[in-house]
Amino acid sequence: MRCNPKQTGRTPAMADTLIELVKRYTDTQPGASPFRTAMPGLTLLRADQERHPVHLIYKPALCVVVQGAKWSTFGGRRLEYGPGQALVVSVEMPALSRVVKASPTEPYLGVVVEFDLALLREVMTSLETPPPGGGDIGQGVFVSDFGGPLADCVLRMVRLLATPHAIAMVAPLIQREISYWLLTGPHGGDVAQLALANNPMKRVLDAIHTLRGQFAEPVSIEHLASVAQMSPSAFHRQFKALTAMTPLQYQKQLRLLEARNLMVSGAVNAETAAYRVGYESPSQFSREYARLFGAPPKRDIELLKEALPQSVPQSVPRPGM
């Protein structure tokens, strides 16, 4: 399926050029997707067949589908996106993601551009009319049509990979332009909340960073709420609005993902992994692990190792995998 240029603002020529550039680059790279590039914050994705769902952690980024289709589930919220669309992630969060349209002749192709929050703030302060941040927390992730000047920026970023000596000089200029088009686009208010120094979303993000850094420790809602400068009830409500999950569900997924990484690396067994990520009961760990990943720890790790390298989980993977 190709994008509809009337909906996305991408011309057929632009779409075809981006497909060709991403295919050409990934054809020449060793290893498996995701493909890190010489450009900071730019990752290219490819899958030559539909994939089983993968558990990962998304980081704040623009995740563009160039060809193919996929879905991602955040808590109880599922988002589907295809060519001419982008997943916009504003907060680090666990997710379940699956490529649902891909083949050897028309592989799934994606481009991930991580947000440079410092640059985003700098661009926003220079705008003559900054977008309103709003008083309420929006959704931490959403799907948006991808086209026009923003699509042209991503095309130029990928094209720049062919001239690595120019990346240091030119890439920051394109990143700045991307920030501008995001902030002045239809979702500018949502993107602006990332850059505002003191707003409800920023305060909840501070609490999420605390939870991310202390996921193996007992953390109370009261403590997280104090970090966010909110009452416990308001914090719980705002956290769920942003991430589509409760703080406890968020922490549990972080723990289980980290335990999975420890085991698949061969560093520890299931019992040691359970204690290391904060569980006091290995049996409870095994039950919750099987509920999330669909198999008990030992069997799940055996299946993962059989499927390497395509299904290698990562403790802090880049978004959009």
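Below, the figures for the structure above:
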{"item": "Qualifying residues in region 103-117 (those that are open to solvent by 20 Å² or more (accessible area, probe 1.4 Å) and at pLDDT 85 or above) - the one nearest to the chain's Cα centre (by Cα)", "result": "E114"}
{"item": "Residue ID - nearest to Y289 (Cα to Cα), chosen from residues in region 262-274 that are in a helix (DSSP H, G or I) and either open to solvent by 20 Å² or more (accessible area, probe 1.4 Å) or of a type in the set (D, E, K, R) (or both)", "result": "A270"}
{"item": "Qualifying residue in region 21-28 (condition: assigned to a strand (DSSP E or B) and basic (K, R))", "result": "no"}
{"item": "Any hit, region 191-207, residues being open to solvent by less than 40 Å² (accessible area, probe 1.4 Å), farther than 30 Å from R156 by Cβ and modelled with pLDDT of 90 or more", "result": "yes"}
{"item": "Matching residues, region 30-54, being hydroxyl-bearing (S, T, Y) and either under 24 Å from I301 (Cα atoms) or touching a helix residue (DSSP H, G or I) at 6+ places or on another chain (Cβ under 9 Å) (or both)", "result": "S33, T37"}
{"item": "Sole residue being in a helix (DSSP H, G or I) and crowded, with 21+ Cβ neighbours inside 10 Å, chosen from A241, A290, A234, A259", "result": "A259"}
{"item": "The one condition in (1) closer than 28 Å to Q251 by Cα; (2) open to solvent by 30 Å² or more (accessible area, probe 1.4 Å); (3) of a type in the set (S, T, Y) that Y25 fails to fulfil", "result": "(1)"}
{"item": "Subset tally (residues that are under 26 Å from L242 (Cα atoms), open to solvent by 10 Å² or more (accessible area, probe 1.4 Å) and assigned to a loop (DSSP other than H, G, I, E, B)) for region 91-102", "result": "1"}
{"item": "Filtered residue count, region 46-85, keeping only those that are aliphatic (A, V, I, L, M) and free of Cβ contacts under 8 Å to residues at least 40 places away in the same chain", "result": "0"}
{"item": "Region 216-231 - residue that is of a type outside the set (S, T, N, Q) and farther than 21 Å from G278 by Cβ and, of those, least open to solvent (accessible area, probe 1.4 Å)", "result": "A228"}
{"item": "Some residue of region 221-237 being on the phi > 0 side of the Ramachandran plot and out of contact with any helix residue (DSSP H, G or I) (no Cβ under 8 Å at 6 or more places or on another chain)", "result": "no"}
{"item": "Some residue of region 248-270 being of a type in the set (V, I, T) and modelled with pLDDT of 90 or more", "result": "no"}
{"item": "Set L18, L79: member being in contact with a Ser or Thr (Cβ under 7 Å, 6 or more places away or on another chain), buried (at least 17 other Cβ atoms within 10 Å of the Cβ), at pLDDT 90 or above and not small (G, A, S)", "result": "L79"}
{"item": "Test: residue in region 52-73 that is at pLDDT below 90, on the phi > 0 side of the Ramachandran plot and not in a strand (DSSP E or B)", "result": "no"}
{"item": "Per-region count, region 146-168, residues in contact with a strand residue (DSSP E or B) (Cβ under 6 Å, 6 or more places away or on another chain) and at pLDDT below 90", "result": "1"}
{"item": "Residues being of a type outside the set (V, I, T), in contact with a Leu (Cβ under 6 Å, 6 or more places away or on another chain) and either open to solvent by less than 10 Å² (accessible area, probe 1.4 Å) or over 17 Å from Y108 (Cα atoms) (or both) - total across region 42-66", "result": "2"}
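The values are calculated or read from the model by the stated rules, or taken from the named source; none is laboratory data. Being a predicted model, the structure only gives us computed values, none of them experimental. So basically every Cβ, Gly included, is an ideal-geometry build from the backbone, and we count neighbours across all protein chains shown. Each accessible area value is taken on the protein alone, full model and side chains, heavy atoms only, with ligands, DNA and RNA left out. Shrake-Rupley method; radii C 1.70, N 1.55, O 1.52, S 1.80 Å.
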